[in-house]
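Here's the structure we're looking at; comments come further down.
The values are calculated or read from the model by the stated rules, or taken from the named source; none is laboratory data. Model, not experiment: these values are computed from the prediction. Note that each Cβ is placed from the backbone with ideal geometry, even for glycine, and that neighbours are counted across all protein chains shown. For the accessible areas, the whole protein counts, side chains as well, though only heavy atoms, and no ligand, DNA or RNA atoms are used. Shrake-Rupley method; radii C 1.70, N 1.55, O 1.52, S 1.80 Å.
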Amino acid sequence: MENFVVALDGPAGSGKSSISKLVAKKLGFTHIDTGAMYRAVTLEALRRKVDIENEASYQFLKDTKIIYKNNKIYLNDVDVSEEIRTSEVTNNVSTCCKFAYVRDLMVVYQRESAKHGKVLMDGRDIGTVVLPDADLKIFLTASPEIRAKRRYEEITIKGIEAKYETILEEIKLRDYKDSHREIAPLKQAEDAILIDTSNLDMEQVSNKIIELINERLRSMENYMDYELKKLRVKDQVKGTVVQVKDKEILLDIQQETEGSMYLDHYTNDKSVTSFEGLVQVGDEIECEVARISNEDNDGHRHIYLSRLHQLSKIAFQEVLTAKEKNEDISVVVTGLIPNKGYTVEYKGNRLFMPLSQAPQDVKIKSSLVVRIMDVNETRKNAVVSRRVIEQEIYQEEKSKELDEIHVGDVLTGKVVKVENFGLFIRFNYNQGLLRLNQYAHTFTKDITKLVAVGDEIEVKVVGKENGKLTLSRKALLDTPYEAYAKTVKVGQTVKGKVANKLPFGLLLALTEDVKGLLHQSEYSHNPNDNFNDFVKIGDEVECAILKLDAENEKISLSRKALMDNPWTRVHAKNGDIVDAVVTEVTENGLLVEALGVDGFVPANEALTENQNGTAKDYYNKGDQVSCEVIDVKPSEWRLRLSIKRIKEKEERKSYEKYLESEETTVTLGDMFKDSLK
């Protein structure tokens, strides 16, 4: 027989490792100590000081080499057979064993090792998990006290100090952990042969196991010669239910004995807990031969049946149909293939999900809805993807969110990218561009000094076109004019520096970013004041605020509002006679001071018709004269006077007295004698 596999299980300290080595040596079998492999994993985890309670911490196994050969265990090519037997490793190895990621990785190596030759493999779940179809299963056990004594003697004989009581407690704790762990707990396989080694020495136990192996080999050889010619493993059969139990049914398959089918070989549905009400006597079931046992003491053999393969075929047809209809299916993640992807199961079919098509937070034993991407009918395999579904969901949510966003909305997003031209802001699913000139009302030279990736920022949507969002932060901020308007009010006195001289006034900088206009008409009450002659760029001018329009960024200023206005006291009217003092004589007339303000006597109002020459011939600066008001407008600072009219009135009076009586004889000489003197 080319291949024969013995699975030997048992609790810690039962002697299975030592006995397995001895039996394998005597029979020429290959011995594989799976416990040593798990201990090596634990040793490496402790050396790396990772969190051994966290399954994700064992990713280091991708780059770790563990080999068991010649009855020694090598960790990264270094013999660690002694190091893996320390108390620290012993106390923690159960923790390492409980993780699916670790066990799945080890089980793959262990099953591959058992495919060739005659193999004896020992551990704590070999017959139940690693090699459920082993040709012979043995379960070694002994009382905790006996196992503690053996371990104590084994340690002390090497010169290592130890306490029996401590070892006993450790073994009891180890038993509890092994039997209560969620994944592959320690238990005896249903078809395993129990051997209690409490009162047997190593030689006696090994001889008993050798006897069992030889018996099984002989029976299998005889069976292969005759019985298997009638019915073979994986043969397709149709059976009629003849008996229904809670967890088992018996079927008539036209053999010398009925076939037995257990519940976990009838359905993959874990929610089904009993055959009662599920099947009835007389039902026909298509199934296949899963295993045929050797004859028992009465010469009978047991035939174990399963319909899972039939279910798998039906399910695979569903896979093909789902692929054709582009429908999604629900699978369970069963394992990890390092650097490649995940194995997933669909109703007994093992499918493959590449890493690139898997979600980031995938967990072993978790359920996923996936899309079938490719099917290989020959190999009965398929490639599935969760990523394409997530992308569709993402696009749906993105479109939904985009539809709910409108121009004018105020949103809070996160900065995902910073460029020299602006920021990319992401919301839940969409992102928009906040250009540099929309960050603030003032010029931003280096945005990286103000914002970093990951910062949250409140923005206003100012544009939405072709699925792209244009954003603004400054739209939510006060403009410099709005901010300034909150600090001042109309009528308030402010100071500004001359930023520019315009033909019609001065532009004053009130702050770095706020400017106001001082119109030439508001520079002085005197319209003749030439502001360009009195100020230069950079001079500070004190003004009052006349108008404040922050929305349109317009501020009107007045300097004259802060000055005394003598024109408010001018109440003269045309025809009034006033006294004046000549302040300047020009070709155009006389500049005079009257009523406390500046007035003007035009040249044609300064001389009478009898006076020849110009005003300079008759008047000097400082002369006091009487004038008649001929044009007065205080609001425009205008006062025009006439000397000529006063004199003409005086002359008229001088000759009107000669005309008072018709009887009086008056000559021309009499009329003008006074003026000719």
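With a cut-off of at least 3 residues that are among the aliphatic types (A, V, I, L, M), more than 34 Å from the chain's Cα centre (by Cα) and at pLDDT 90 or above, name the strands (runs of 3 or more DSSP E) lying wholly within the stretch 275-371.
284-292
Take the residues in the stretch 240-265 that are at pLDDT 90 or above and open to solvent by less than 30 Å² (accessible area, probe 1.4 Å); name whichever of them is nearest to the chain's Cα centre (by Cα).
Among them, the one singled out is Leu263.
Which residue pairs have Cβ atoms closer than 9 Å, lie 6 or more positions apart in sequence or on different chains, and pair a first residue in the stretch 635-657 that is touching a residue at least 60 places away in the same chain (Cβ under 8 Å) with a second residue that is open to solvent by 60 Å² or more (accessible area, probe 1.4 Å) and outside any strand (DSSP E or B)?
Listed by first residue and then by second, the contacts come to Glu636/Pro527; Trp637/Pro527; Trp637/Asn528; Leu639/Leu595.
Check Ser87, Ser198 and return the single one that is open to solvent by 10 Å² or more (accessible area, probe 1.4 Å) and in contact with a helix residue (DSSP H, G or I) (Cβ under 6 Å, 6 or more places away or on another chain).
Just a single option satisfies the conditions, and that option is Ser198.
For Ser356, work out the one condition from (1) open to solvent by less than 70 Å² (accessible area, probe 1.4 Å); (2) under 22 Å from Ala56 (Cβ atoms) it doesn't fulfil.
For Ser356, the failing item is (1).
Taking the residues in the stretch 163-207 that are of a type in the set (Gly, Ala, Ser) and under 22 Å from Asp264 (Cβ atoms) as candidates, determine which candidate is modelled with the highest pLDDT. So that I can check it myself, show each step before the final result.
Going residue by residue through the stretch 163-207, those that are of a type in the set (Gly, Ala, Ser) are 179, 184, 189, 192, 198, 206.
Those left that are additionally under 22 Å from Asp264 (Cβ atoms): 179, 184, 189, 192.
Numbers: Ser179: 75, Ala184: 62, Ala189: 86, Ala192: 90.
Taking the candidates together, the pick is Ala192.
Quick one: in the stretch 521-539, which of the residues that are open to solvent by 90 Å² or more (accessible area, probe 1.4 Å) and over 21 Å from Thr568 (Cβ atoms) is modelled with the lowest pLDDT?
Looking at the filtered set, the residue picked out is Asp533.
Residues Leu402, Leu368, Leu411: which one is surrounded by 14 or more Cβ atoms within 10 Å (Cβ to Cβ) and within 19 Å of Ala315 (Cβ to Cβ)?
The unique qualifying residue is Leu368.
So Gly589 passes all but one of these: (1) modelled with pLDDT of 90 or more; (2) on the phi < 0 side of the Ramachandran plot; (3) in contact with a Pro (Cβ under 9 Å, 6 or more places away or on another chain). Which condition number does it fail?
The failed condition is (2).
Taking Val459 as the residue in question, decide whether it is farther than 30 Å from Tyr342 by Cα, open to solvent by 50 Å² or more (accessible area, probe 1.4 Å), at pLDDT 90 or above and of a type in the set (A, V, I, L, M, F, W, C). Explain how you work it out, then say what you get.
Working: farther than 30 Å from Tyr342 by Cα: yes; open to solvent by 50 Å² or more (accessible area, probe 1.4 Å): no; at pLDDT 90 or above: yes; of a type in the set (A, V, I, L, M, F, W, C): yes.
So Val459 does not fit the description; no.
Output the residues belonging to the stretch 590-625 that are open to solvent by 60 Å² or more (accessible area, probe 1.4 Å), of a type outside the set (D, E, K, R) and assigned to a helix (DSSP H, G or I).
Listed by number, the list holds a single entry, Asn604.
So Arg216 fits all but one of (1) in a loop (DSSP other than H, G, I, E, B); (2) of a type outside the set (A, V, I, L, M); (3) touching a Phe, Trp or Tyr at 6+ places or on another chain (Cβ under 9 Å); what number is the exception?
All conditions are met except number (1).
Residues Lys464, Lys400: which one is farther than 30 Å from Val369 by Cβ and modelled with pLDDT under 95?
So the residue among Lys464, Lys400 that is farther than 30 Å from Val369 by Cβ and modelled with pLDDT under 95 is Lys464.
Quick check on my filter: what residues within the stretch 404-442 are in a loop (DSSP other than H, G, I, E, B) and of a type outside the set (A, V, I, L, M, F, W, C)?
Within the stretch 404-442, His406, Gly408, Asp409, Asn420, Asn428, Tyr429, Asn430, Tyr439, His441, Thr442 qualify.
Output the number of the condition that Met373 fails; it satisfies all remaining conditions of (1) open to solvent by 80 Å² or more (accessible area, probe 1.4 Å); (2) within 30 Å of Gly432 (Cβ to Cβ); (3) not charged (D, E, K, R).
(2)
So in the stretch 626-650, with the set limited to residues that are part of a helix (DSSP H, G or I) and open to solvent by less than 80 Å² (accessible area, probe 1.4 Å), which one is farthest from Ala603 (Cα to Cα)?
Pro634
Here is a check on your reading of the model: is Ser94 open to solvent by 50 Å² or more (accessible area, probe 1.4 Å) and touching an Asp or Glu at 6+ places or on another chain (Cβ under 8 Å)?
Taking the combined requirement at face value, the residue does not satisfy it.
Take the stretch 104-133 and flag every residue that is charged (D, E, K, R) and modelled with pLDDT under 85.
Asp104, Arg111, Glu112, Lys115, Arg124, Asp125
So how many residues does the stretch 118-153 have that are part of a helix (DSSP H, G or I) and not acidic (Asp, Glu)?
13
Listed here are the residues, each with its yes/no results for (1) under 17 Å from the mean Cα position of the chain (by Cα); (2) open to solvent by less than 40 Å² (accessible area, probe 1.4 Å); (3) over 30 Å from Asp361 (Cα atoms).
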residue: Ala382; (1), (2), (3): no, yes, no
residue: Arg386; (1), (2), (3): no, no, no
residue: Glu392; (1), (2), (3): no, no, no
residue: Glu397; (1), (2), (3): yes, no, no
residue: Lys417; (1), (2), (3): yes, no, no
residue: Gly422; (1), (2), (3): no, yes, yes
residue: Phe427; (1), (2), (3): yes, yes, no
residue: Thr442; (1), (2), (3): no, no, yes
residue: Asp455; (1), (2), (3): yes, no, no
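Check Lys497 against each of (1) open to solvent by less than 60 Å² (accessible area, probe 1.4 Å); (2) over 46 Å from the mean Cα position of the chain (by Cα) and name the one condition it does not meet.
Checking Lys497 against (1) open to solvent by less than 60 Å² (accessible area, probe 1.4 Å); (2) over 46 Å from the mean Cα position of the chain (by Cα), the one that fails is (1).
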